[in-house]
1. Could you pull out every one of the helices (runs of 4 or more DSSP H) wholly within the range 18-127 that has 3 or more residues that are open to solvent by 10 Å² or more (accessible area, probe 1.4 Å) and among the aromatic types (Phe, Trp, Tyr)?
2. Collect the residues in the range 207-229 that are surrounded by 23 or more Cβ atoms within 10 Å (Cβ to Cβ) and touching a strand residue (DSSP E or B) at 6+ places or on another chain (Cβ under 9 Å), keeping them in residue-number order.
3. Any idea which residue in the range 114-134 is nearest to the ligand (Cβ to nearest atom), counting only those that are more than 20 Å from ASN80 (Cα to Cα) and touching a helix residue (DSSP H, G or I) at 6+ places or on another chain (Cβ under 8 Å)?
4. If we keep just the residues of the range 266-306 that are of a type in the set (Ser, Thr, Tyr) and over 24 Å from SER382 (Cβ atoms), which is least open to solvent (accessible area, probe 1.4 Å)?
5. Given the conditions (1) within 29 Å of PHE346 (Cα to Cα); (2) under 16 Å from the mean Cα position of the chain (by Cα); (3) open to solvent by less than 10 Å² (accessible area, probe 1.4 Å), and given that ALA204 satisfies all but one, which numbered condition is not satisfied?
6. When you go through ALA64, ALA59, ALA50, ALA54 one by one, which is the residue that is more than 26 Å from LEU108 (Cα to Cα) and over 23 Å from the mean Cα position of the chain (by Cα)?
7. Select from the range 244-262 the residues that are open to solvent by 40 Å² or more (accessible area, probe 1.4 Å) and part of a helix (DSSP H, G or I) and write down the one among them that is farthest from GLN57 (Cα to Cα).
8. When the residues of the range 176-193 are filtered to those that are under 15 Å from ARG220 (Cα atoms) and either of a type in the set (A, V, I, L, M, F, W, C) or at pLDDT below 95 (or both), which remaining residue is surrounded by the most Cβ atoms within 10 Å (Cβ to Cβ)?
Amino acid sequence: MSVTLPIYLDYNATTPVDERVLNAMLPYFREHFGNAASTGHRFGGIAQHAVSKARSQIARLINARSEEIIFTSGATESDNISLFGVTERYATKGDHVITCVTEHKAILDSAKQLERLGKQVTYLPVDQYGRVDPEAVRRAITPRTVLISIMAANNEIGTLAALKEIGTIAREHDVLFHTDAAQFAGHLPLDVEALNLDLVSISAHKIYGPKGIGALYVRRTDRWVDVAPVIYGGGHEQGIRSGTLNVPAIVGFGVAAELCRVEQEEQATRLRKYTNRILHQLQNAVEGVELNGHPTERLPHNLNVSIKGIKNNHLLPALEDLAISAGSACNTANPNPSHVLRALGFGDERALSSLRISVGRLTTEEEVTYAIETLTKAIKASQLVTCAA
Ligand SMILES: Cc1ncc(COP(=O)(O)O)c(C=O)c1O
């Protein structure tokens, strides 16, 4: 069987919209174009009904209730609302936030801004696999701590956080617990009740939905979590996120969440086989391939490796048939080692020789075979050049 080039192996960056998602969205661009807030007529009513359905599909994915789902433009916005909205609302209780050094920039840059606004932020370190020690979370809590924000799965190395343990500690100390689950929700089971989560950021484009739509779960059951808005206006989404709802995108997000809920387990098993196969075959074929991130507590579809003797910004141009990522914010002119790999304790050489390969729903066995062969050839050639130089 032949493969179509280039092969997409960057599902952690974004995913293609599933055909079933697109088909569900299309009528909401055309005949059902109503404003979900214009409930006085049929057009608005149909849109509102579609939004309600999507809300319950997304809630079901994470064992939440519909009224706990706030639509946003994506995980970046959900992260911003969580940090700014909670610290503003709970300012009389305290001014301290706990997060970790390997978070996505949506959290880290928001945290930096909080510091500029006079708040206190603790950035916890991670171990060599990228995990935060739950006991370090406990030790960091002070009477002024209002929020703990620890990502569910890292976008570069796929390492999963000890959410259950951290959630228990947060509850014991009556501190709100937020997780950025952009890479986790839809790929592995996420239960806000079992994990004691108070706020969760989710993004549609990481789960075969459209870009520019996401959600923030805000606990409203046994305790009422209060968040101040970041965007003000017509009071949509319980006043937390004003702005006319993007109905087609929300419909797509709902279907994407539903499909993930149903297909999650089967996909995770299939994709874990692929990432394991790529790792083991690369390790057998070339020297010095090391896994970055946790060996078992990791996203099934993510693989991050460092390869001795290569520089990823030299290797990637030779891999034009494969859409893979350096796994670090780097460009050819100015290679910057990833803050995540640095946090694992790696030096520049290992950090700058990393590749992130992420597979997904459309990845085939043949594509995996092709990718392994192509990578092996390119790495061997690159290692030869480096040795000779
Ligand atoms: C962990 C994590 N958080 C946040 C984001 C941002 O998500 P969005 O593109 O929906 O704003 C991403 C996407 O790259 C991510 O991987």
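The values are calculated or read from the model by the stated rules, or taken from the named source; none is laboratory data. Treat the numbers as computed from the prediction; the structure is a model and nothing was measured. Counting neighbours? That spans all protein chains shown, and the Cβs are built from the backbone with ideal geometry, glycine included. These accessible areas exclude ligands, DNA and RNA; they are computed on the full protein's heavy atoms, side chains included. Shrake-Rupley method; radii C 1.70, N 1.55, O 1.52, S 1.80 Å.
1. none
2. ILE207, GLY209, ILE213, GLY214, ALA215, LEU216, TYR217, VAL218, VAL227
3. First, pick out the residues of the range 114-134 that are more than 20 Å from ASN80 (Cα to Cα): 125-134.
When the remaining residues are screened for being touching a helix residue (DSSP H, G or I) at 6+ places or on another chain (Cβ under 8 Å), the result is 125-126, 130, 132, 134.
Numbers: PRO125: 18, VAL126: 14, GLY130: 12, VAL132: 14, PRO134: 20 Å.
Step by step, filter the range 114-134, then rank; the result is GLY130.
4. Of the residues in the range 266-306, the ones of a type in the set (Ser, Thr, Tyr) are 269, 274-275, 296, 306.
If we keep only those that are over 24 Å from SER382 (Cβ atoms) too, we end up with 269, 296.
Working: THR269: 71, THR296: 102 Å².
Ranking the qualifying residues of the range 266-306, first place goes to THR269.
5. (1)
6. From the options ALA64, ALA59, ALA50, ALA54, the qualifying one is ALA50.
7. Among them, the one singled out is VAL262.
8. So, considering only residues that are under 15 Å from ARG220 (Cα atoms) and either of a type in the set (A, V, I, L, M, F, W, C) or at pLDDT below 95 (or both), the one surrounded by the most Cβ atoms within 10 Å (Cβ to Cβ) is PHE177.
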